[in-house]
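What follows is a single structure, written as structure tokens, with notes after it.
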Amino acid sequence: MTIFRPAAFLPVIAALGLVVAPLAASAEGHHGSDGHRPPPGGAPYGGSGFMMPPIPPGITLTTAQKAKLKTIFEKSHQDEHALRLEGRAIEGKIHDALSVAGDLDRAALADLGKQEDEVKAKVSALHLDTMEQLHDLLTPAQRQQAKETMDKIKALHEQMKALMGPPPEGDPDDMP
């Protein structure tokens, strides 16, 4: 039996405020004052779950760094888009090969599977290359500040997981 304790959620709300406030304050830095948004993976939130921002909140970029960051994201987005289209084409071929009447051409399916794996490896390599470029974009002081900020965010996430995890086992009367 789970006992609802509203006081247990106060630290969670405070932690969320500490995480969300810097992200909201740095939104202009990540989206740019021109209103352009970075590509997927560049935004602090994306897809179905939380994604860490590529440049943590609180890191102030120079105008030259912002221009370089925009160039990095645009190139990465274009390259990833092309790879995703290639992957979808291969998936279509796999679907077609599996939809045929009669015997499967297992050799062709194996070849298509290898092609699909190669595209996935290229996407992973592209992500790593992009992160390396972001690393090189920052000064050593900015990298140190980014590491400290990300360590704090990670610690907050771990605290939130611990607070919001499954209820402790045992008798409810034994709970603190």
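Each reported figure results from applying straightforward, stated rules to the coordinates on display, with no laboratory input. All figures in this text were calculated on a predicted structure; none of them were measured in a lab. Because the Cβ atoms are built from the backbone with ideal geometry, glycine has one as well, and the counts that use them run over all protein chains shown.
Couple of notes before you dig in:
- Note, ³J(HN,Hα) from phi for the range 58-63, Karplus 6.51, -1.76, 1.60, rounded to Hz, x at Gly and Pro: x, 8, 9, 9, 6, 4
- Each label point was placed 7 Å from the Cα along the Cα-to-Cβ direction; for Met164 and Ala97 their separation is 4.2 nm.
- Hits among lysines - C-alpha to C-alpha of Lys161 under 30 Å, sequence gap 8 or more where chains match: Lys147, Lys152
- At full extension, Ala121 and Gln145 could sit 5.5 nm farther apart than now, given 0.36 nm per residue minus the alpha carbon distance.
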